[in-house]
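For reference, the structure is listed below as structure tokens.
The values are calculated or read from the model by the stated rules, or taken from the named source; none is laboratory data. In this text the structure is predicted, and so the values were computed from the model without any measurement. Cβ atoms come from the backbone with ideal geometry, glycine included; neighbour counts cover every protein chain shown.
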Amino acid sequence: MDLSHTSPAPTAPPPTPPDSDPSAVKGRAVHPGDKIFRGLSRGSGITLLVIMAAIAAFLTYRASIALSANSANFLTAFEWNPQGDPPAFGIGILAFGTAVSSVIAMVIAVPVAVGIALFISHYAPRRIAAPLAYVIDLLAAVPSIIYGLWGALFLVPYLDGLTRWLDRFLGWTTLFEMSNPGSPARSIFTVGILLAIMILPIITNVCREVFLQAPKMYEEAALALGATRWEVIRMSVLPFGRSGIISASMLGLGRALGETMAVATVLSPGSVFTWHLLDPGSGTFAQNIAAKFNEADEFGRDALIASGLVLFVITLLVNGAARYIIARRKEYSGADA
Amino acid sequence: MSPGPAAPTPRAPAHAPSRTHPEKATDTMAKRIDVSGLTAFYGGHRAIDDISMSVEPRSVTAFIGPSGCGKSTLLRTLNRMHEVTPGGRVEGKVMLDHEDLYGTSVDPVAVRRTIGMVFQRPNPFPTMSIYDNVAAGLRLNGDFRKKELDGIVEKSLKGANLWNEVKDRLGKPGSGLSGGQQQRLCIARAIAVQPQVLLMDEPCSALDPISTLAIEDLIGELKSRFTIVIVTHNMQQAARVSDRTAFFNLSAVGRPGKLIEIDDTERIFSNPSVQATEDYISGRFG
Ligand SMILES: Nc1ncnc2c1ncn2[C@@H]1O[C@H](COP(=O)(O)OP(=O)(O)OP(=O)(O)O)[C@@H](O)[C@H]1O
Ligand SMILES: [Mg+2]
């Protein structure tokens, strides 16, 4: 079929100039737009891969310089002294501080976020839900240094009461024992709470989106069986939202693990290991790099790069685990129904 | 699980069958429905207007009429599902035997437990196994011992003519069944809680002829125990399964739907008293 004969209808003049290629159909076997786009996307994909490989190679090389001269066990040592003779540095404290602050953040943020998201998607009347969702969207966009300043100026003094209370009643657990009650709460515990507040909006938003997408037909099925609103949510919203909640949490966890400025602003770091979460001290990977990078010499920077690589690997593992959990649950997620 | 502050009234009305003796209750549980002056709105839109009719116990009543005349809307007002639609609002009365379903002290959740519903698209919970789907309504209602639950699940699946097909894979997800099997699973789920009325909104429209026949047979069996209301676009189906037929119509698109007439199915299909009914049934419009 040759379209070039049928397209210029006598009543409607063709939009193309009359001297254009008459066999337009044949000439379009390879569209130039397609060609350009394919080239562009392939090129940028390759460029990206090359850049990433170069970064990884560079970081690994620099890290290996530091690691080969290290006299302490990099994974378990608590001190961070790359200027020493011989240099001795390890990520023990950083790993512990990062893990503890992230766990605190997740334990607080995930349930609260799921609750707020459910409130917005299934409980609140529209005229409350829409503004609330908007405000939370805005909170997700606040720069982390603002959170850091707010944490240092507001959260730290106001947490005083809570930390004293925890020390009084839960001090026997060691974790909540304060060596010096009343000292400013520039501790890893405060960091955890600040991180919880920071990752709350993003988790809430993703969860809300997911809950709104739960198919209405299953909610109606539950309702028709005589389910209360909470039972409807339990039977037909949460099962659909489960993988979404996991993804949202991992997104939040990724942010908590890598958060730099807010942690560096609030925490008063230390290099002595302690189980006392309310005491100043401790540190996280990102905070440690931010705090030490400027005054470090070249070797010190290599050591910091090594710790950064560890954070990178942890982030990768967290993402992988999330993907694994989601993939394993596919059969029951109902996404195909 | 917490029912929340919105449900202070007991979940089952006084006449609900005792859950420990489901078989005893079977004879007495079908109830009649009397609708009077019922008008339903979607926001400002009046979808059905001033409908008065009765549904006899232990019989099948079919709703027929052109698309948009409000059959689904009326059906959903009967178990208070209409009001879960944003803007959904109802005026008028629906009496279940002697209880006004829209009375001030009536808990809609309890109404929906008493009046079961089967939807147009089969909707077994995809995250639950076949067994859990059937048990879902029972579990909402309180704790059953495993054995008791097993018995009711088996009985309900047998009641829905599905037992032989699924008895070896009760633990598999319900979404793995065929469409017709899924619909029968939904019926099993609905009858497991021993409702007094069963509402079905075009339950066969997504199914092949064989599954349709299976469900029609099932309806014939179920009507000895339940009051059944079925919406259908299939005239033959209405003629085959129902004892009474209600014809609805609307004067123009966007106008509220009205009940034209309700009568014994035989009469509606042989000698209806209103000309519009005859026109619709013989396919002259709609
Ligand atoms: N969720 C809704 N919001 C607003 N209007 C609605 C909604 N659902 C139905 N309506 C309107 O109510 C009227 C009755 O609709 P209903 O679904 O009850 O018709 P029906 O008889 O079941 O039609 P069908 O045979 O196509 O299923 C229609 O005018 C429809 O547009
Ligand atoms: Mg309908």
Which of (1) surrounded by fewer than 23 Cβ atoms within 10 Å (Cβ to Cβ); (2) within 14 Å of ligand 1 (Cβ to nearest atom); (3) more than 14 Å from chain A (Cβ to nearest Cβ) does B:Ala206 not meet, given it meets every other one?
(3)
Scanning segment A:150-180 residue by residue, the ones that are surrounded by 14 or more Cβ atoms within 10 Å (Cβ to Cβ) and in a loop (DSSP other than H, G, I, E, B) total 5
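Out of all the residues in segment A:264-274, is one or more within 14 Å of another protein chain (Cβ to nearest Cβ) and hydroxyl-bearing (Ser, Thr, Tyr)?
Going residue by residue through segment A:264-274, those that are within 14 Å of another protein chain (Cβ to nearest Cβ) are none.
No, there is no match, as no residue in segment A:264-274 is within 14 Å of another protein chain (Cβ to nearest Cβ) and hydroxyl-bearing (Ser, Thr, Tyr).
Looking only at segment B:242-266, count every residue that is buried (at least 23 other Cβ atoms within 10 Å of the Cβ) and over 8 Å from B:Ala62 (Cα atoms) and tell me the total. Walk me through how you get there before you give the answer.
Going residue by residue through segment B:242-266, those that are buried (at least 23 other Cβ atoms within 10 Å of the Cβ) are B:242, B:245-248, B:257.
This time we only want the ones that are over 8 Å from B:Ala62 (Cα atoms), so: B:247-248, B:257.
Residues that pass the stated criteria total 3.
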So, in segment B:1-57, how many residues would count as being more than 14 Å from every other protein chain (Cβ to nearest Cβ) and either in contact with a strand residue (DSSP E or B) (Cβ under 6 Å, 6 or more places away or on another chain) or modelled with pLDDT of 50 or more (or both)?
29
Checking the structure you have, find out if any residue of segment A:76-94 is closer than 30 Å to A:Thr204 by Cα and assigned to a helix (DSSP H, G or I).
yes
If we only count helices (runs of 4 or more DSSP H) wholly inside segment A:187-249, which ones have 2 or more residues that are over 22 Å from the mean Cα position of the chain (by Cα)?
A:216-224, A:229-232
crowded, with 19+ Cβ neighbours inside 10 Å, within 11 Å of chain A (Cβ to nearest Cβ) and more than 16 Å from ligand 2 (Cβ to nearest atom) - does that describe any residue in segment B:71-90?
yes
Selection from segment B:106-134 of residues in a helix (DSSP H, G or I), without any contact (Cβ under 8 Å) to a residue 60 or more places away in the chain and under 30 Å from B:Lys172 (Cβ atoms) yields B:Arg112, B:Ile130, B:Tyr131, B:Asp132, B:Asn133, B:Val134
Restricting attention to segment B:142-175, the residues that are surrounded by fewer than 16 Cβ atoms within 10 Å (Cβ to Cβ) and not charged (D, E, K, R) number exactly 4
I'd like the full set of residues that are in a loop (DSSP other than H, G, I, E, B), in contact with a helix residue (DSSP H, G or I) (Cβ under 8 Å, 6 or more places away or on another chain) and within 16 Å of ligand 2 (Cβ to nearest atom), limited to segment B:208-233.
B:Thr232
Every pair of residues 6+ apart whose Cβ atoms lie under 7 Å, when the first sits in segment B:188-207 and is touching a residue at least 12 places away in the same chain (Cβ under 8 Å) while the second is within 16 Å of ligand 2 (Cβ to nearest atom) and of a type in the set (Ser, Thr, Tyr)
B:Asp201/B:Ser72; B:Glu202/B:Thr232
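Return the residues of segment B:50-88 that are within 11 Å of ligand 1 (Cβ to nearest atom), assigned to a strand (DSSP E or B) and not hydrophobic (A, V, I, L, M, F, W, C); say none if nothing qualifies. Don't jump to the end; show me each part of the working.
Within segment B:50-88, the subset within 11 Å of ligand 1 (Cβ to nearest atom) is B:63-77, B:82, B:84-88.
From what is left, the residues that are assigned to a strand (DSSP E or B) are B:63-64, B:88.
Within segment B:50-88, B:Gly88 is the sole residue that qualifies.
To keep it simple, each residue is scored yes or no on (1) closer than 27 Å to B:Asp50 by Cβ; (2) of a type in the set (Phe, Trp, Tyr); (3) more than 15 Å from ligand 1 (Cβ to nearest atom); (4) modelled with pLDDT of 90 or more.
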{"site": "B:Asp201", "(1), (2), (3), (4)": "yes, no, no, yes"}
{"site": "B:Arg244", "(1), (2), (3), (4)": "yes, no, yes, yes"}
{"site": "B:Phe248", "(1), (2), (3), (4)": "yes, yes, no, yes"}
{"site": "B:Lys258", "(1), (2), (3), (4)": "yes, no, no, yes"}
{"site": "B:Asp264", "(1), (2), (3), (4)": "yes, no, yes, yes"}
{"site": "B:Gln275", "(1), (2), (3), (4)": "yes, no, yes, yes"}
{"site": "B:Phe285", "(1), (2), (3), (4)": "yes, yes, no, no"}
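Could we say that B:Pro124 is within 9 Å of chain A (Cβ to nearest Cβ) and surrounded by fewer than 16 Cβ atoms within 10 Å (Cβ to Cβ) here? Spell out how you get there, then give the answer.
Working: within 9 Å of chain A (Cβ to nearest Cβ): yes; surrounded by fewer than 16 Cβ atoms within 10 Å (Cβ to Cβ): no.
So B:Pro124 fails the test.
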Taking only pairs six or more apart or across chains, which ones have beta-carbon atoms under 9 Å, a first residue in segment B:228-240 that is within 14 Å of chain A (Cβ to nearest Cβ), and a second residue that is away from ligand 2 (no atom under 15 Å from the Cβ)?
B:Val229/B:Ile33; B:Val229/B:Val55; B:Val229/B:Val60; B:Val229/B:Thr61; B:Val229/B:Val197; B:Val229/B:Leu198
Options B:Arg267, B:Arg255: the member that is without any contact (Cβ under 8 Å) to a residue 60 or more places away in the chain, among the basic types (Lys, Arg) and not in a loop (DSSP other than H, G, I, E, B):
B:Arg267
Taking into account only those residues within segment B:91-105 that are surrounded by fewer than 17 Cβ atoms within 10 Å (Cβ to Cβ) and in a loop (DSSP other than H, G, I, E, B), which is farthest from the other protein chains (Cβ to nearest Cβ)?
B:His98
For segment A:275-294, does any single residue satisfy the condition of being at negative phi, within 14 Å of chain B (Cβ to nearest Cβ) and aromatic (Phe, Trp, Tyr)?
no
Which numbered condition A:Tyr147 misses (of (1) surrounded by fewer than 14 Cβ atoms within 10 Å (Cβ to Cβ); (2) at pLDDT 85 or above)
(1)
For segment A:1-71, give me every one of the helices (runs of 4 or more DSSP H) that falls completely inside it and has 2 or more residues that are modelled with pLDDT of 90 or more and surrounded by 11 or more Cβ atoms within 10 Å (Cβ to Cβ).
A:32-69
What is the residue count in segment B:237-286 for residues that are more than 16 Å from ligand 2 (Cβ to nearest atom) and of a type in the set (A, V, I, L, M, F, W, C)?
11
